[in-house]
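Chemist: Take a look at this one; I'll ask things after.
Rule-based calculations on the coordinates, nothing more; no lab input. Computed from a predicted structure; not experimentally measured. Every residue, glycine among them, receives a Cβ derived from its backbone with ideal geometry; neighbour counts consider all protein chains shown.
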């Protein structure tokens, strides 16, 4: 089954404790991105990747890092999480930047206390 | 000002009603347009693309007016299962950046 998976689905952590949210897709897609969703603000793009070892900042990259060492994986790293990073995070992929449909993972609900 | 603006609603309509959602965008580099549907706490899923000529998919009709930078979605004969949040989405030229509206919440009641 074609899908985007994320782990963990739910995470409660404390300020400053490094964490990684994994994202994996099995569709051989080139393009992947991370979003955060907050009430009233919609989804905002954090980082995106056009292919292996090629990443770029989205609209809200501060406090986040990403890597793309393999085509299928695109982890999101929070080196020192803060309460303002409490949010619902979605990973997404599409076959290439010009493809219409973007496939989303199930989301990761992160709470930073 | 947000780059993609939607009326947040909620829209409360009875089954069988026709409901219309509007969306405006401001980025002149906007190239492609979509409506996504998001059920509560779930991931967004593509509902339909939006073309300048207008397009229809069953009970759903989408329209784009590039001159006014305006996108619409019309749902006819609403079903209970249409209850969700509808996201207006704009992809910028080059395809690397996608901007989401905050969404319009729809409740369809029996």
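Chemist: Using every alpha carbon pair in segment A:1-57, what percent of pairs falls into each 5 Å bin from 0 up to the bin containing the largest distance?
Modeler: Result returned by the calculation: 4, 13, 19, 26, 22, 12, 4, 0.
Chemist: Between segment A:1-40 and segment B:13-44, what is the C-alpha centre distance in whole Å?
Modeler: The two parts, judged by their Cα centres, are 23 Å apart.
Chemist: Which whole number gives the average, over all residues in A:92-100, of C-beta atoms from other chains lying within 10 Å of the residue C-beta? Let's see the in-between values first.
Modeler: Values: counts 3, 0, 3, 0, 1, 6, 6, 3, 7.
Mean partner shielding for this stretch: 3.
Chemist: Something else about it: Return the FRET efficiency for the residue pair residue A:41, residue B:15: r is the Cβ-Cβ distance, R0 is 25 Å, and the value is rounded to the nearest 0.05.
Modeler: On the way: r = 31 Å, r/R0 = 1.24.
About 0.20, to the nearest 0.05.
Chemist: State the percent of C-alpha pairs, over all pairs in segment A:47-110, separated by a distance greater than 20 angstrom. Don't skip to the end; give the middle numbers.
Modeler: Details: 564 of 2016 pairs.
The calculated P(r) of segment A:47-110 puts 28 percent of pairs beyond 20 Å.
Chemist: Wrap a convex hull around the Cα atoms of segment B:1-79, take a quarter of its surface area, and give that in square nanometres.
Modeler: Averaged projected area of segment B:1-79's Cα convex hull equals 5.9 nm².
Chemist: May I pose another question? Under the Kirkwood approximation for Rh and a Cα-based Rg, what ratio Rg/Rh is obtained for segment B:1-42?
Modeler: 1.02
Chemist: Hey, another quick one. For peptide A:31-41, compute the average count of partner chain beta-carbon atoms within 10 Å of each residue's beta-carbon.
Modeler: For peptide A:31-41, the averaged partner shielding equals 3.
Chemist: Another question about this same structure. Pulled fully out, how much extra length does the chain show between residue A:51 and residue A:73, if you take 0.36 nm times their separation in residues and subtract their Cα-Cα distance?
Modeler: 6.9 nm is the gain from fully extending residue A:51 to residue A:73.
Chemist: Could you tell me the center-to-center distance, by alpha carbons, between segment A:46-113 and segment B:95-110 in angstrom?
Modeler: Distance between centres, Cα-based: 20 Å.
Chemist: Right, next: If N is the number of residues in the protein assembly as shown, what value comes out of its Cα radius of gyration divided by 2.2 N^0.38 Å?
Modeler: On the way: Rg = 17.6 Å, N = 223, 2.2 N^0.38 = 17.2 Å.
Computed over Cα atoms of the protein assembly as shown, the ratio equals 1.02.
Chemist: Give me the inter-chain shielding for B:42-54: mean count of other chain Cβ atoms within 10 Å, whole number please. Working shown, then result.
Modeler: Working: counts 3, 12, 10, 4, 5, 0, 1, 2, 0, 0, 0, 0, 0.
Averaged over the peptide's residues, the number is 3.
Chemist: Here's something else I'd like to know. For segment B:66-107, what is the convex hull volume of its Cα atoms per residue in Å³?
Modeler: 96 Å³
Chemist: Looking only at Cα atoms, what is the convex hull volume of segment A:1-99 per residue, in Å³?
Modeler: Cα-based convex hull of segment A:1-99, divided per residue, equals 103 Å³.
Chemist: Run the quick spin-label model on residue B:41 and residue B:26: label points 7 Å from Cα toward the beta carbon, then report their separation in nm to one decimal.
Modeler: Result for the modelled spin labels: 3.4 nm.
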